[in-house]
Amino acid sequence: MASEIVCNITSRETRVALLENGVITELYIERKSDLGFVGNVYKGRVTKVLPGMQVAFVDIGLPKAGFLYVSDVDVMTDNFTGYLAGADEGEEHHEKEEVEIESTYNVGGEPRKIEDLLKENQEIMAQVSKDPMGSKGARITTYITLPGRYLVFMPMINQVGVSRRIEGDEEKKRLRETVRRLRKNGTGFIVRTAAEGKEESDLERDIQFLDSLWRSITTTHDSSTSPTMVYQELGLVQRVIRDLFTRDFTRVVIDDREEYEKTITFCRSYLPDVVSKVERFSGHEPIFDVYGLEMDIERALGRKVWLKSGGYIVIDQTEALTAIDVNTGKYVGKASQEETILKTNIEAVKEIVYQLRLRNIGGLIMIDFIDMEREENKEKVYSALGEALKSDRSRANILKISDLGIVEMTRKRVRDSLSRTLTSTCSYCDGRGVVKSHRTVLYEVYREIRRIAGRTGAGSEIACAVSSAVADLIFDEDSDYLDDLEMELDIKISITTDFHLHQEEFRVELDKPQSGP
């Protein structure tokens with residue numbers, strides 16, 4: 001599968017698109033105003049130790065102190081299974097991979113206490129594992145991890161791990177033994193998925209680079225005063241090349257000279273085989289327009305996606321889950337109804353997986369396929385979904401199609417979805433997607449008039465301020481009813497248009513006469 005990486009760089013925003021056979025499948029966006037700190041390494045100073053919470057606060061030079069849990073400074077035990085540090089949900093530090101880790105030591109005894117590990121004013125090296133959020137500072141860890149092309153270096157941990165996505169016990173054993181032979185005593189590594197099938201020389205080159213990087217970090221740390229940053233994670237373009245570039249990629253195209261030169265320098269020292277594939281785009285038209293990507297990105301924000309057959313899917317993202325509905329639409333088929341439904345569902349499978357990748361939708365996902373009567377057809381759709389998900393780097397778990405034609409699945413969330421990155425909640429409908437109709441609001445106004453008239457009695461004068469759309473409805477269609485209401489309640493009603501009111505807003509109040517001089 002021919003793949004390309006297309007990079008659009010401006011002073012405010014960096015966009016990196018992953019193309020497979022000329023079609024955008026993944027989009028990464030980094031904005032200057034939203035740059036995170038995950039992966040950065042700091043020399044910090046402990047400002048406060050809280051034994052009651054088993055947490056310490058560390059000044060690392062950010063506006064708010066970082067917080068360090070005891071579990072992030074204590075020694076890890078045998079048979080640890082976890083994820084690469086710095087790859088929590090919603091973060092773009094590097095590819096998230098489940099790993100199997102073998103420890104070369106064993107630590108027993110009582111759990112260690114943070115007051116025994118850290119003291120106020122103590123200087124420590126720490127890495128940000130989660131960005132600051134709201135009133136909370138960054139979460140930090142003393143277990144430093146430095147991601148490379150094939151390996152993740154853990155200088156503080158004497159362990160070797162292998163990604164579970166690498167298939168075959170023999171290959172896992174080969175990689176683990178190779179890394180254990182090449183590493184320095186007392187250091188650890190996680191073997192990434194990209195290392196599968198690689199030669200020992202490739203792994204050795206990665207180890208040498210990471211070891212050199214670590215020596216540079218420690219030298220800077222030792223010569224610096226706290227608080228200060230001693231290592232900054234790579235930019236988005238370099239991270240994507242490091243994490244995603246494989247032999248299937250034909251080229252990387254960058255439209256900014258400075259970023260192009262930075263990438264060339266990075267590749268020469270780290271990925272020399274990639275240098276010849278990095279190109280500078282010098283066209284006058286915007287690069288994403290040349291590749292036809294802007295339209296694809298715009299469509300990825302829409303709710304309805306049409307299929308080639310005439311069917312369509314509807315994607316609704318909520319706080320709790322994402323619901324995807326499959327419909328035959330304009331497709332009527334040529335054979336039986338069951339055959340038409342099966343073809344629509346199979347076609348929808350490919351589009352759904354594509355949209356999940358492009359929109360980066362994670363969490364709980366419910367897919368409502370069109371009901372099928374035959375069990376073998378349900379199995380075909382389920383198998384097609386499982387096969388399509390093999391191209392997805394994010395781990396997914398799917399359950400069998402239920403009797404109602406619904407598939408429940410989960411997909412690991414590595415970073416914010418495209419809609420969360422590019423859109424904000426509608427200030428008019430407050431994220432509901434709908435507003436009350438003009439007539440519904442009008443009838444609410446009438447009910448409020450009756451309430452006030454019931455309290456004040458006959459002869460009252462009531463003033464109403466409504467939005468322009470509701471006012472138009474009153475004067476165009478309901479003026480007769482307004483006269484009848486005045487007569488029925490024996491009151492006087494005045495209607496005014498307030499162009500600043502939301503469609504659902506109105507004011508109904510007793511119109512008190514002004515007092516004389």
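The values are calculated or read from the model by the stated rules, or taken from the named source; none is laboratory data. No experiment lies behind these values; they were computed from the predicted model shown. Because the Cβ atoms are built from the backbone with ideal geometry, glycine has one as well, and the counts that use them run over all protein chains shown.
Go through the range 11-35 residue by residue and tally those that are in contact with a helix residue (DSSP H, G or I) (Cβ under 9 Å, 6 or more places away or on another chain), assigned to a loop (DSSP other than H, G, I, E, B) and not basic (Lys, Arg).
Number of matching residues: 1.
Please work out if ILE157 is surrounded by 20 or more Cβ atoms within 10 Å (Cβ to Cβ) and touching a helix residue (DSSP H, G or I) at 6+ places or on another chain (Cβ under 8 Å).
It is false that ILE157 is surrounded by 20 or more Cβ atoms within 10 Å (Cβ to Cβ) and touching a helix residue (DSSP H, G or I) at 6+ places or on another chain (Cβ under 8 Å).
Each row is one residue, and each column tells you yes or no for (1) surrounded by 13 or more Cβ atoms within 10 Å (Cβ to Cβ); (2) over 50 Å from the mean Cα position of the chain (by Cα); (3) over 30 Å from THR425 (Cβ atoms); (4) among the β-branched types (Val, Ile, Thr).
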| position | (1), (2), (3), (4) |
| --- | --- |
| HIS438 | yes, no, no, no |
| VAL441 | yes, no, no, yes |
| ARG451 | no, no, yes, no |
| GLY459 | no, yes, yes, no |
| PHE475 | no, no, yes, no |
| LEU482 | yes, yes, yes, no |
| LEU485 | yes, yes, yes, no |
| LYS492 | no, yes, yes, no |
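If VAL445 satisfies every condition in (1) free of Cβ contacts under 8 Å to residues at least 40 places away in the same chain; (2) part of a helix (DSSP H, G or I) but one, which is the exception?
(1)
So, in the range 211-234, of the ones that are under 30 Å from ALA17 (Cβ atoms) and either aromatic (Phe, Trp, Tyr) or at pLDDT below 90 (or both), which residue ends up surrounded by the fewest Cβ atoms within 10 Å (Cβ to Cβ)? Let's see the steps before the verdict.
Within the range 211-234, the subset under 30 Å from ALA17 (Cβ atoms) is 213, 229, 231-234.
Filter once more, keeping what is either aromatic (Phe, Trp, Tyr) or at pLDDT below 90 (or both): 213, 231-234.
Details: LEU213: 16, TYR231: 20, GLN232: 11, GLU233: 22, LEU234: 18.
Ranking the candidates gives GLN232 first.
Would you mind stating whether ARG45 is over 18 Å from ILE297 (Cα atoms) and in a strand (DSSP E or B)? I'd like the intermediate steps shown before the answer.
On the way: over 18 Å from ILE297 (Cα atoms): yes; in a strand (DSSP E or B): yes.
Yes; evaluated as a whole, the condition is true for this residue.
Would you mind telling me which numbered condition in (1) closer than 13 Å to LEU442 by Cβ; (2) not in a strand (DSSP E or B) CYS464 fails?
Result: CYS464 passes all but (2).
Given the criterion surrounded by 13 or more Cβ atoms within 10 Å (Cβ to Cβ), under 28 Å from SER11 (Cα atoms), at pLDDT below 90 and of a type outside the set (Val, Ile, Thr), identify the matching residue among ARG239, ARG205. Break it down into steps so the answer makes sense when it comes.
Values: ARG205 fails: under 28 Å from SER11 (Cα atoms).
Answer to the selection: ARG239.
Condition check ((1) small (Gly, Ala, Ser); (2) within 30 Å of ARG165 (Cβ to Cβ); (3) out of contact with any helix residue (DSSP H, G or I) (no Cβ under 9 Å at 6 or more places or on another chain)) across all residues:
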{"position": "ALA396", "(1), (2), (3)": "yes, yes, no"}
{"position": "ARG411", "(1), (2), (3)": "no, yes, no"}
{"position": "THR425", "(1), (2), (3)": "no, no, yes"}
{"position": "GLU444", "(1), (2), (3)": "no, no, yes"}
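List every residue pair whose Cβ atoms lie under 6 Å apart, where the two residues are 6 or more positions apart in sequence or sit on different chains, the first residue falls within the range 33-53 and is surrounded by 12 or more Cβ atoms within 10 Å (Cβ to Cβ), and the second residue, located anywhere, is among the hydroxyl-bearing types (Ser, Thr, Tyr).
Short answer, once both residue conditions are applied: VAL41/TYR231; LYS43/SER224; LYS43/SER226; LYS43/THR228; GLY44/SER226; ARG45/SER226.
Among the residues of the range 470-498, write down those that are of a type outside the set (Asp, Glu) and closer than 16 Å to ARG451 by Cβ.
Result: LEU485, LEU489, ILE491, ILE493.
Please verify whether VAL38 is among the aliphatic types (A, V, I, L, M) and part of a loop (DSSP other than H, G, I, E, B), treating the condition exactly as stated.
Here the answer is yes, as VAL38 does meet what is asked.
Quick one: SER309 ticks every box in (1) in the same structural domain as LYS350 (by TED's automatic domain parsing); (2) more than 16 Å from GLU351 (Cβ to Cβ); (3) not acidic (Asp, Glu) except a single one, so which number is it?
(2)
Residue-by-condition table, conditions (1) surrounded by 14 or more Cβ atoms within 10 Å (Cβ to Cβ); (2) charged (D, E, K, R):
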{"site": "ASP255", "(1), (2)": "yes, yes"}
{"site": "GLU258", "(1), (2)": "no, yes"}
{"site": "ARG268", "(1), (2)": "no, yes"}
{"site": "VAL305", "(1), (2)": "yes, no"}
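Pull up the range 410-419, narrow it to residues that are of a type outside the set (Val, Ile, Thr) and at pLDDT below 85, then point me to the one that is nearest to ASP392 (Cα to Cα).
Going through the qualifying residues, I end up with LYS412.
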